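*Asks:* Please find one structure pasted underneath; my questions will follow.
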Amino acid sequence: MADAVMAVWGDADPAVEAEFAEWYHREHVPERVGLPGWRSGRRYRRVDRGRHRYLALYEVDSLASFDDPIYRHTLDHPTDWTKRMMPGFRNFVRATCRVRLVAGEVSGGYLASIRYAPSDAMREPIARWLGGDVLHGLRDRAGITRVQFWEADLTRSLAPTAEQSMRSGSDGRAPFTAVIEGTDRSAVDDALREGEIVTGLAERGATEVEVGVYQLMFALSR
């Protein structure tokens, strides 16, 4: 498992949604995975209700990979196809994250992401609670292949770029994310419910809580 990830949640303008799918697997993910330090890229489609219908997930060597001049050049010099796609993003949330916890080596065909923002006082108490008993307790459930806990570097996540300037609206943020991966949706749904993560976050005063369950569409590794 890589030491850092980039996660991008969002929707697409229905008028260009079909072209988005083609752009992602024909150009965008191959372009990103070809960059120095970028190991893999995956795209998911949401299977429960709610916004952020799509999730793109990239594994990289470290947070320093996001500072590489070649990557920065791609952000500020997008391809013609990328320029055409950027205005079609909706509800865009981008997080470049340090992986604080990973248990399990197998990526699942289904994934639940739980994003939240803690108060300053509860930042580490919530992280210890989630990264301790909660996620570790779910890892050994039948059908669960991997659990993760990410902390975003918000400075890198929200850095202005030429690509960002082409999107409609401001980018959203995802300070912390818990991830549960599994072999089928029922395993992930059951783990999400029985882990009581959403309830526990509310009890600890977390805000901006967003939960989604996603199915893998495609994956590319180096």
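The values are calculated or read from the model by the stated rules, or taken from the named source; none is laboratory data. Computed from a predicted model, the values in this text were never measured in an experiment. For neighbour counting, all protein chains shown are included, and Cβ atoms are generated from backbone atoms with ideal geometry for every residue, glycine included.
*Asks:* Scan the range 138-167 for residues that are touching a residue at least 40 places away in the same chain (Cβ under 8 Å), closer than 22 Å to Ala2 by Cα and of a type outside the set (A, V, I, L, M, F, W, C) and jot them down.
*Replies:* Of everything in the range 138-167, those that are touching a residue at least 40 places away in the same chain (Cβ under 8 Å), closer than 22 Å to Ala2 by Cα and of a type outside the set (A, V, I, L, M, F, W, C) turn out to be Thr145, Arg146, Gln148, Glu151, Asp153, Arg156, Ser157.
*Asks:* On the given criteria, is Val93 in contact with a Phe, Trp or Tyr (Cβ under 7 Å, 6 or more places away or on another chain), aliphatic (A, V, I, L, M), touching a residue at least 40 places away in the same chain (Cβ under 8 Å) and closer than 21 Å to Trp150 by Cβ?
*Replies:* Spelling it out, Val93 is indeed in contact with a Phe, Trp or Tyr (Cβ under 7 Å, 6 or more places away or on another chain), aliphatic (A, V, I, L, M), touching a residue at least 40 places away in the same chain (Cβ under 8 Å) and closer than 21 Å to Trp150 by Cβ.
*Asks:* Right, something else. In the list Ser186, Ser170, which residue meets the criterion of being of a type outside the set (D, E, K, R), without any contact (Cβ under 8 Å) to a residue 60 or more places away in the chain and assigned to a loop (DSSP other than H, G, I, E, B)?
*Replies:* On inspection, the qualifying residue turns out to be Ser170.
*Asks:* Something else now. Looking at the range 200-222, I want the residues that are on the phi > 0 side of the Ramachandran plot and have a partner that is of a type outside the set (S, T, N, Q) and surrounded by fewer than 16 Cβ atoms within 10 Å (Cβ to Cβ) with Cβ atoms under 8 Å, at least 6 apart or on another chain. Which pairs are those?
*Replies:* What qualifies is Gly205/Met122; Glu208/Arg173.
*Asks:* Right, next: All but one of (1) of a type outside the set (A, V, I, L, M); (2) surrounded by 13 or more Cβ atoms within 10 Å (Cβ to Cβ); (3) touching a Lys or Arg at 6+ places or on another chain (Cβ under 7 Å) hold for Pro78, so report the exception by its number.
*Replies:* It fails just one condition, (3).
*Asks:* Between Val209, Val198, which is over 17 Å from the mean Cα position of the chain (by Cα), surrounded by fewer than 21 Cβ atoms within 10 Å (Cβ to Cβ), closer than 30 Å to Asp13 by Cβ and at pLDDT 95 or above?
*Replies:* Among Val209, Val198, only Val198 is over 17 Å from the mean Cα position of the chain (by Cα), surrounded by fewer than 21 Cβ atoms within 10 Å (Cβ to Cβ), closer than 30 Å to Asp13 by Cβ and at pLDDT 95 or above.
*Asks:* Same structure again: Failed condition for Ser113, given (1) over 22 Å from Ala21 (Cα atoms); (2) in contact with a strand residue (DSSP E or B) (Cβ under 9 Å, 6 or more places away or on another chain); (3) at pLDDT 95 or above; (4) of a type outside the set (Phe, Trp, Tyr), with all others met?
*Replies:* (1)
*Asks:* Same structure, new question: Quick check on Met6: is it hydrophobic (A, V, I, L, M, F, W, C), surrounded by fewer than 19 Cβ atoms within 10 Å (Cβ to Cβ) and touching a Ser or Thr at 6+ places or on another chain (Cβ under 9 Å)?
*Replies:* So Met6 fails the test.
*Asks:* Among (1) closer than 24 Å to Gly88 by Cβ; (2) modelled with pLDDT of 90 or more; (3) not in a helix (DSSP H, G or I); (4) not charged (D, E, K, R), which single condition is Val179 missing?
*Replies:* Among (1) closer than 24 Å to Gly88 by Cβ; (2) modelled with pLDDT of 90 or more; (3) not in a helix (DSSP H, G or I); (4) not charged (D, E, K, R), the lone unmet condition for Val179 is (1).
*Asks:* Scan the range 94-105 residue by residue and report those that are modelled with pLDDT of 95 or more, in contact with an Asp or Glu (Cβ under 8 Å, 6 or more places away or on another chain) and either surrounded by fewer than 21 Cβ atoms within 10 Å (Cβ to Cβ) or assigned to a helix (DSSP H, G or I) (or both).
*Replies:* Listed by number, the residues that qualify are Arg98, Val99, Arg100.
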